[in-house]
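First up is the structure itself, then whatever we jot down about it.
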Amino acid sequence: MEFPGLVTIGTMFYASDAPTNDPMAEALASSDYLKSTLEFVVAHEVAHEWWSAAVGSDSKRHPFVDEALANHSAVLYFEKTHGPEAAAAQRDLQLKLPYQLARLAGAEDRPVDLPTKDFGGMLEYAAVVYGKGALFFGAMREQVGDAAYFAFLKDYYRRFTFKVATNDDLILGIAK
């Protein structure tokens with residue numbers, strides 16, 4: 001959970017290696033998946049210092065404005081610190097897989113720009129906003145190239161630092 005200047009991470013990510021008589025907790029404690037997910041979650045939550053704290057948004061009416069950018073930024077973090085292959089693995093694991101699993105479980109494919117109350121549940125919300133929304137930013141980067149894409153992000157950040165950006169501000173910035 002993000003707050004300006006504060007990031008909290010759930011205790012499940014810090015499971016102990018000590019036996020607990022809980023097979024699921026013990027499996028998670030030794031899981032490489034959990035370790036990489038912890039790093040991804042921390043990168044996502046820290047990215048909210050840019051996409052929520054510095055550049056504000058209406059997270060109830062337009063949650064994709066900060067959540068999708070934070071998830072996309074976490075993938076960019078992996079690219080910068082671990083390389084393109086690690087970033088691609090995280091994109092597949094953290095963005096594509098949850099979306100695909102949600103769809104298999106019956107979640108609707110919805111537009112990313114919906115209020116939180118309009119989603120059919122947390123599974124659908126997470127798949128669309130965190131997964132599909134973040135994948136959009138990656139696809140945009142591929143379409144326009146790195147120079148134009150990072151210029152867009154820098155301009156968006158510069159124009160809306162310590163302001164509340166709307167979904168239209170983001171979309172119009174993309175359209176430039």
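The values are calculated or read from the model by the stated rules, or taken from the named source; none is laboratory data. Only a predicted model underlies this, so the values are computations on that prediction, with no experimental measurement involved. As a convention, Cβ positions derive from the backbone with ideal geometry for all residues, glycine included, and neighbour counts pool all protein chains shown. Accessible surface is based on the protein model in full, side chains and every heavy atom, while ligands, DNA and RNA are left aside. Shrake-Rupley method; radii C 1.70, N 1.55, O 1.52, S 1.80 Å.
Assorted remarks:
- Leu95 vs. criteria under 21 Å from Ser57 (Cβ atoms) and surrounded by 18 or more Cβ atoms within 10 Å (Cβ to Cβ): yes
- First in the range 146-164 and assigned to a helix (DSSP H, G or I), second anywhere and surrounded by fewer than 13 Cβ atoms within 10 Å (Cβ to Cβ), Cβ under 8 Å, 6 or more apart: Phe152/Lys176; Asp155/Lys176
- Here Val128 meets the list (1) surrounded by fewer than 14 Cβ atoms within 10 Å (Cβ to Cβ); (2) part of a helix (DSSP H, G or I); (3) not acidic (Asp, Glu) almost entirely, failing just condition (1).
- Helices (runs of 4 or more DSSP H) (entirely within the range 1-120) containing at least 2 residues that are modelled with pLDDT of 75 or more: 32-47, 64-82, 84-90, 97-104
- Applying the condition of being farther than 20 Å from Pro115 by Cβ and either among the β-branched types (Val, Ile, Thr) or under 18 Å from the mean Cα position of the chain (by Cα) (or both) to the range 155-176 and asking which residue is least open to solvent (accessible area, probe 1.4 Å) yields Tyr156.
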